[in-house]
Amino acid sequence: MTALARAGWRTVTLEEFAQRMSTVGAQHAAPLHNPSREFLLTFDDGYASLADNAYPVLADLGFTATTFVITDYVGKTNAWDVRYTWNRLQHLRWPEIERWRGRGFEFASHGATHRRLTWLDDAAMVAELGSSRDVLTARLGADAGRAVAYPFGAVDARVVRHARSAGYELGFGGVKGGGTGALLRLSRVPVYFWDFGDVPLGLREDAIGAVGRVVAHAANRCAVGTSMMQRFGGWAVERFAVSNRVTAEPPIRKTAPLPESVADA
Ligand SMILES: [Zn+2]
């Protein structure tokens, strides 16, 4: 982030991003061809480690960010993810969210329970998208209902239709977006710890950048494992939970694991 700031990059708010999109069109939503060096910085999942480690650094640099929170898990540990990572991680609490929102950071939806929307029937999808937005707008105001990041970056035409019906204006998926005019199917470029220099690999327009995006897409696909476990792993997880009772609880780790990718962390 320091390297980006020194290189002249600045972050935009969700509102600024939406204005840019309505002006220039979503075909330019991809961060490539971005001579103005503006970017929207997003985090998925809303782990508490963001407030410990990321937000203070960003605030010092004059950056802001949008965090997509799993509304049913605000203030709780990551039961939705622990069966995959086997680590118990703390999510942000509402007071922390409100405090950082007061400092210009933004919060939006990552669903109510981090379920893969493309696998849900219409009623369940409506519930995931709608209840999450209701909680956010009731707690934080109308602006918090503007955007959603689809868990696992999983989005199709049906998800887009329900997101629009629920009232979302912007929808963020994985590395691959939906093309022209797809404000509810925007792509994102992940940034990983191995990124270096003043332009992250995924933002480079050369061959190295292309490789970076392929790797990011592959990492995003690997996140399928989490939802496969969610879908089919109930029995095994129950067995694990039972056997785990006779041993120590796994420790709550303060730092998040490698993200599913920033596109769907
Ligand atoms: Zn996620």
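Under 5 Å between amide hydrogens, built in the peptide plane, is the criterion, and for T11 it picks out F39, T64 among residues at least 5 positions away or on other chains. Within the stretch 75-174, the trypsin sites (Lys or Arg not before Pro) that combine a DSSP coil assignment with at most 15 other C-beta atoms in a 10 angstrom radius are K76, R93, R103. Compared with the direct C-alpha span, the chain from D143 to A59 gains 28.2 nm at full extension, assuming 0.36 nm per residue. Were the residues from A79 through Y192 laid out at 0.36 nm apart, the gain over their Cα-Cα distance would be 38.3 nm. Taking amide H atoms as placed 1.01 Å from N in the peptide plane, the amide H of F107 lies under 5 Å from those of T67, each 5 or more residues away in sequence or on another chain. Each 10 Å bin from zero up to the one holding the largest Cα-Cα distance in the stretch 84-164 carries the following percent of pairs: 17, 46, 30, 7. Length available on full extension from E38 to R88: 0.36 nm per residue minus the Cα-Cα distance, which gives 14.5 nm. A Förster distance of 30 Å, applied to the separation of the beta-carbon atoms of T118 and A210, puts the FRET efficiency at 0.70.
Here, each number is a calculation from the coordinates, and none is a lab measurement. Please read all numbers here as calculations on a predicted model, not as lab measurements. With ideal geometry, Cβ positions are generated from the backbone for all residues, glycine too; neighbour counts draw on all protein chains shown.
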